[in-house]
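Notes to accompany the following structure.
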């Protein structure tokens, strides 16, 4: 048996969008179950996101810390952001986020992993990139606002991050998945075996 996620879509008898927000919305679908019953499912509709695990020459990961209102905490995270433009190339979005949040550019880009953050209640898909060959970006720093105006920055060794993740001290989804995926990739063939930065992404199709 091949262990691999597969596309499938069950019949929808009715659909409604009771809430539309600035970036996301809530959809309600009446979905036909295998036994013929119809069940209502509410979920958040999300444009998708990208995140960047930026690794420097000293084996440190570039982190940012910012306030996240839903959980009432300031979380250490890796640079990330929404796919604001439908069909946007996720690599271009990731390069933009690394510049805007850290004023950094990278020479080598690979896809580290693709995840659905909470598939039971949200359709958000995230592509996490590995970026290496870091240097300061050209030009002026991007002017941040709102929660990002209070951001902190740090570069933390990979081993220290793994310890903190397993100790329950770090909770951001992209940081946790990204760091553990990095360690797993190193243990199973090396980082050069990762997928290319422009590999197709069925969850969020894009133009090259």
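Just a few scattered comments:
- Once segment 159-183 is narrowed to residues that are in a loop (DSSP other than H, G, I, E, B) and within 14 Å of the chain's Cα centre (by Cα), the residue that is surrounded by the most Cβ atoms within 10 Å (Cβ to Cβ) is 172.
- So residue 189, is it over 19 Å from the mean Cα position of the chain (by Cα) and either in a helix (DSSP H, G or I) or surrounded by 11 or more Cβ atoms within 10 Å (Cβ to Cβ) (or both): no
- Exactly one residue out of 85, 64 is in the same structural domain as residue 157 (by TED's automatic domain parsing) and at pLDDT below 95, and it is 85.
- Pairs are defined by a Cβ separation below 6 Å, a sequence spacing of at least 6 or placement on different chains, a first member in segment 158-178 that is more than 17 Å from residue 114 (Cβ to Cβ), and a second member that is at pLDDT below 95 and not in a helix (DSSP H, G or I); no pair meets this definition.
- Count of segment 37-64 residues which are part of a strand (DSSP E or B) and within 16 Å of residue 160 (Cα to Cα): 8
- Some residue of segment 26-46 being at pLDDT below 95 and surrounded by 10 or more Cβ atoms within 10 Å (Cβ to Cβ): no
The values are calculated or read from the model by the stated rules, or taken from the named source; none is laboratory data. Not measured: the values here are computed from a predicted model. Don't worry about glycine lacking a Cβ; one is built from the backbone with ideal geometry, like all the others, and counts go over all protein chains shown.
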